[in-house]
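Please read the structure below before turning to the comments.
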Amino acid sequence: MWAFINKLRSPKWFYAISAKLQPLFWVAATLLLLVGTVWGLAFAPADYQQGNSFRIIYVHVPAAFLAQSIFVSMAVSGLVFMVWKIKVADMVATVMAPLGAAMTFVALFSGAVWGVPTWGTWWMWDARLTSMLILLFLYLGVIALRGAFSSRDSGSRAASVLAMVGVINIPIIKYSVDWWYTLHQPATFTITGRAAMTMDMWAPLLIMVLGFYSFFIALTLMRTRSEILRREANKRWVRELAEETN
């Protein structure tokens, strides 16, 4: 673990290892999303209560999972940056924030679309929906803080603190349906417990979740590589790399 953390201190090492990992995750994301989409939309049976409108679950649930996971990852990266002063951790946190905000928006929008045939309304101040909306505002706050300071390090520290404090919202999102009376249904997707749906509906959802996570990892690696080149532009190894490319 400590050896890995020490390696993370080197943007050059991360740039090199991510070049090897990135194609693997792009391939995995493409295959998983293709299979999950076709299976979920064309072959999974309709829900006995909601009919075909339930199929939005194959976008809504993975996006909601990813939105929460990215924020936790951002908070951990912020902690690593604050404690060990590892620049790569801050770079990763920087590129994750816009993707996390996008996934939160997708989860909220798809949930609203799903709510029309299910609840008869686009929006309800439900505990789960409200806490997800707060998550979107937290993402926007983190993004705004990074550009609110003349010093990049000051902006990074402020964004890291907000992410670490804001992570308390994640368990609220998860357990909101248990702690309060809400219209939002309890969890329908779980790996450790008994599935709340039949296997022919659950399996494509699992594939879509894995596809979304593979896409997130691949995109994060790609954007972190670009962020490394931008921040390390004056370093010798970056100049040599540019010369080799040209």
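The values are calculated or read from the model by the stated rules, or taken from the named source; none is laboratory data. Source: prediction; values computed, not measured. Positions of Cβ are generated from backbone atoms using ideal geometry, with glycine treated the same way; all protein chains shown enter the neighbour counts.
Computed values, structure above
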{"item": "Selection count where residues are modelled with pLDDT under 85 and within 15 Å of residue 59 (Cα to Cα), scope region 188-227", "result": "2"}
{"item": "Subset of region 75-90 [of a type outside the set (Lys, Arg) and without any contact (Cβ under 8 Å) to a residue 12 or more places away in the chain]", "result": "76, 83"}
{"item": "Members of region 43-74 found to be within 30 Å of residue 220 (Cα to Cα), small (Gly, Ala, Ser) and without any contact (Cβ under 8 Å) to a residue 24 or more places away in the chain, listed by number", "result": "73"}
{"item": "Any chance residue 96 is in contact with a Pro (Cβ under 8 Å, 6 or more places away or on another chain), more than 19 Å from residue 171 (Cα to Cα) and modelled with pLDDT of 95 or more", "result": "no"}
{"item": "The listed residue being polar (S, T, N, Q) and surrounded by fewer than 16 Cβ atoms within 10 Å (Cβ to Cβ), out of 121, 94", "result": "121"}
{"item": "Subset of region 159-172 [surrounded by 14 or more Cβ atoms within 10 Å (Cβ to Cβ) and closer than 17 Å to residue 76 by Cβ]", "result": "159, 160, 161, 162, 163, 164, 166, 167, 169, 170"}
{"item": "Scope region 21-75; condition over 30 Å from residue 156 (Cβ atoms) and within 16 Å of the chain's Cα centre (by Cα); matching residues", "result": "33, 58, 59, 60, 61"}
{"item": "Only one of 148, 159 that is of a type in the set (A, V, I, L, M, F, W, C), over 17 Å from residue 61 (Cα atoms) and touching a Lys or Arg at 6+ places or on another chain (Cβ under 9 Å)", "result": "159"}
{"item": "Residue in region 7-15 that is modelled with pLDDT under 95 and among the polar types (S, T, N, Q) present", "result": "yes"}
{"item": "Residue in region 4-25 that is out of contact with any Leu (no Cβ under 9 Å at 6 or more places or on another chain) and within 20 Å of residue 102 (Cβ to Cβ) present", "result": "no"}
{"item": "Selection status of residue 69, in contact with a helix residue (DSSP H, G or I) (Cβ under 6 Å, 6 or more places away or on another chain), buried (at least 16 other Cβ atoms within 10 Å of the Cβ) and either farther than 22 Å from residue 138 by Cβ or modelled with pLDDT of 95 or more (or both)", "result": "no"}
{"item": "Tally, over region 100-117, of residues that are among the polar types (S, T, N, Q) and either touching a residue at least 60 places away in the same chain (Cβ under 8 Å) or touching a Lys or Arg at 6+ places or on another chain (Cβ under 9 Å) (or both)", "result": "0"}
